Amino acid sequence: SSRVSSSGSSSALSSLHTVEGVWPLPQSFTSSTERYPLNPKAFYFGYGRQSAAQQDCSVLDAAFKRYFSLIFPDYTSGSGDKPFTVEIRVDHADCDSYPNENSSERYNLSVSAGQASLNAETVWGALRGLETFSQLVYQDDFGTYFVNKTEIDDFPRFQFRGILLDTSRHYLPVQAILKTLDAMAYSKFNVFHWHIVDDPSFPYQSRTFPDLSSTGAFHPMTHIYTQSDVRRVISHARLWGIRVLPEFDSPGHTQSWGKGQSDLLTPCYRGSTPSGTFGPVNPVLPSTYQFMARLFKEVSSVFPDSYIHLGGDEVDFSCWKSNPDVRAFMQKMGFGGDFTKLEAFYMEKIVNITSALKKTSIVWQDVFDYHERRSSLSVVEVWRHGCYLCEVRRVVNAGLRVILASPWYLDQPGPTHNWARYYTVWPLAFKGTEEQKKLVIGGEVCMWGEYVDATNLTPRLWPRASAAAERLWSDEKQTSSVDEAFPRLQDFRCKLVRRGIRAEPLHVGHCKHEYQGV
């Protein structure tokens, strides 16, 4: 029978597949050489009787459709007529909600003759388990599909595993964003950090302030994200268990905002006359905060996630220094000549606006560095290079949560073989208590847009981002060896390619199913 795999080649093949089975590596994973043939014509997904979610659960019904074609990309073989069922059981039927920062992604998966049972606390955990199951299925040289007897108990090491895309420096078509969300789910990323606007362009089409995109985007019709584009991205992400975290970065990085909102930016002066150029957002006018309150009210209703990123990085003080109104305000407030105090004053106001909207704010580390009153901050994202763990330690010492981004900037090309740099990152390798280490909620891969658009986004991200994905998901001790990871990542990269993701090669070699074009 096909279950006896003692004949040399097939057991070598199946044990090969157990070795290279799943990326990122599950927390606990045992599999045997016993294997079961799968026939696409007799393969079913079903809900267990005890499951809180049943048929018509939008998230899981959509996942069954997707994963059927991911598991069986071609229907050439019809061998193995025994039916096989993947039975899902979840404790909470949160089918119509959005994933949030507390969503459990734990699951366990048990594959035996004729069936796999997948148990999870939430539908989001079930999605992670379906991804794992899809990676366990393989084909022999004759095209027959198999899955091995397997037991997996799995959960993420860090709750926040993000990818930042910058859609201001180059516009990314919605299709490119959706494709990236798919690839993120294959590596179990769960947050899409949408750095949607910046100095070069303002592509977000605001209902409240339509002039922001009509004058601030590269083109008012072709290079914008309409409200329905944004809804598409959010709903696509939801079906993959991915949170969408918008970033509206201020007071710096706002040149494009000034085109559609007069008096928002600070007029710069040359001596006693305006020079005609503008600097960061003007922090001295009440109208600034009225505008921001209305904009963030809209943003917080459009984006369901409880986190909003407020930016706050790289503020150039020279324009503020040149402006007599700003200098007078500094004197009135008793800030002297310390412009970091003015930035802290501004950010404090913006944080208060978002708190009033019941949103948790994330800021770049600059804001933490300048802030005297750190208690008003919630989450700090560490991005500067240098001793980034020193900064992580300072933030957790202040009792704040941290997202680590510094070691995972992938926007520079760099050869794919430097993936090991992104793999050998140890986010908790600083002196601190258990409680402090728990404040490191995760990390993020950043793909800034200076040199990236839809032509090169995918190969630049994948498979290098998957190295960071395993670091953020898996147990550190089990995944500390680059040499052991290499054949698994190579195997995973071929899976991405077969799924239509243009992931770059890691080294010389070939995939059984090479990239077929669009």
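Keeping all protein chains in place, calculate the accessible area per residue for the stretch 17-130 (probe 1.4 angstrom), answer in Å².
Here the per-residue accessible area is 43 Å².
With a 4.7 Å Cβ cut-off, tell me which Cys residues in the chain come up empty for a partner.
Cys446
For the stretch 194-236, what % of the accessible area comes from carbon and sulfur atoms, probe 1.4 Å?
Using a 1.4 Å probe with all protein chains present, the stretch 194-236 comes out at 57 percent carbon and sulfur.
Taking all protein chains as present, what is the carbon and sulfur share of the accessible area of the stretch 65-144, in % to the nearest whole number, probe 1.4 Å?
48
Can you list the residues, at least 5 places off or on another chain, whose amide H is less than 5 Å from the amide H of Gln115, using H built in the peptide plane?
Thr85
How do the peptides 461-468, 269-276, 367-374 rank, highest first, by the average count of neighbouring beta carbon atoms within 10 Å per residue?
461-468, 367-374, 269-276
I'd like the orientation of helix 482-498 relative to the chain: the angle between its Cα long axis and the longest Cα principal axis, in ° from 0 to 90, rounded to 10.
For 482-498 against the chain, the angle is about 90 degrees.
Hey, what do the phi angles of the stretch 504-511 turn into as Karplus ³J(HN,Hα) couplings, whole Hz, using 6.51/-1.76/1.60 and θ = phi - 60°, x for Gly and Pro?
Here the 3J(HN,Hα) series is 5, x, 8, 6, 4, x, 8, 9 Hz.
For every helix of n ≥ 4 consecutive DSSP H residues, a contribution of -39,500 (n - 2.57) applies; sum these over the chain, divide by its total residues, and give [θ] at 222 nm rounded to the nearest 500 deg cm²/dmol.
The helix contribution divided over the chain gives -10500 deg cm²/dmol.
In the structure displayed, which of Lys41/Lys495; Lys65/Lys477; Lys259/Lys349; Lys259/Lys321; Lys438/Lys495; Lys65/Lys179 lie more than 28 Å apart, Cα to Cα?
Those over the limit are Lys65/Lys477; Lys438/Lys495.
With the dipole of the stretch 193-265 worked out from charges on the C-beta (+1 for Lys and Arg, -1 for Asp and Glu) around the Cα centre, which of Thr254, Tyr225, Phe209 lies farthest toward the positive end?
Tyr225
Report the convex hull volume per residue for the stretch 230-336, counting only C-alpha atoms, in Å³.
Hull volume over Cα atoms, normalised by residue count, gives 118 Å³.
Angle between the Cα long axis of helix 123-136 and the longest principal axis of the chain, 0 to 90 degrees, nearest 10?
For 123-136 against the chain, the angle is about 50 degrees.
Accessible area, 1.4 Å probe, largest first: how do Cys390, Cys511 sort?
Largest accessible area first, the list is Cys390, Cys511.
Send over a whole-number figure in Å² for the accessible area per residue of the stretch 256-384, probe 1.4 Å.
42
Relative to the longest principal axis of the chain, what angle (0 to 90°, nearest 10) does the C-alpha long axis of helix 339-356 take?
60
Tell me, Kirkwood radius of the stretch 302-398 from alpha-carbon pair distances, in Å?
Hydrodynamic radius (Kirkwood, Cα only) of the stretch 302-398 equals 14.6 Å.
What is the percent carbon and sulfur in the accessible area of the stretch 250-368, measuring with a 1.4 Å probe over the protein chains and ignoring ligands?
Here it works out to 53 percent.
Take Val402, Val302 and sort them by solvent-accessible surface of the protein heavy atoms, 1.4 Å probe, largest at the top.
Val302, Val402
For the stretch 388-515, report the % of Cα-Cα distances exceeding 24 Å.
Here the tail beyond 24 Å accounts for 35 percent of pairs.
So how far, in whole Å, is the C-alpha centre of the stretch 378-417 from the one of the stretch 133-161?
With the stretch 378-417 and the stretch 133-161 each reduced to a Cα centre, they are spaced 31 Å.
5 Å is the cut-off here: which amide hydrogens, built 1.01 Å from N in the peptide plane, fall below it relative to Gly500, excluding neighbours closer than 5 in sequence?
Amide H to amide H, under 5 Å and 5 or more residues apart or across chains, Gly500 pairs with nothing.
Looking at the calculated P(r) for the stretch 476-518, what percent of the C-alpha pair distances fall above 17 Å?
Taking all Cα-Cα pairs of the stretch 476-518, the fraction more than 17 Å apart is 35 percent.
Which percentage, to the nearest 5, of the DSSP beta bridges contained in the chain is antiparallel?
35
The values are calculated or read from the model by the stated rules, or taken from the named source; none is laboratory data. Since this is a predicted model, take the numbers as computed values, not measurements. Positions of Cβ are generated from backbone atoms using ideal geometry, with glycine treated the same way; all protein chains shown enter the neighbour counts. With ligands, DNA and RNA removed, areas are computed over all heavy atoms of the protein, side chains included. Shrake-Rupley method; radii C 1.70, N 1.55, O 1.52, S 1.80 Å.
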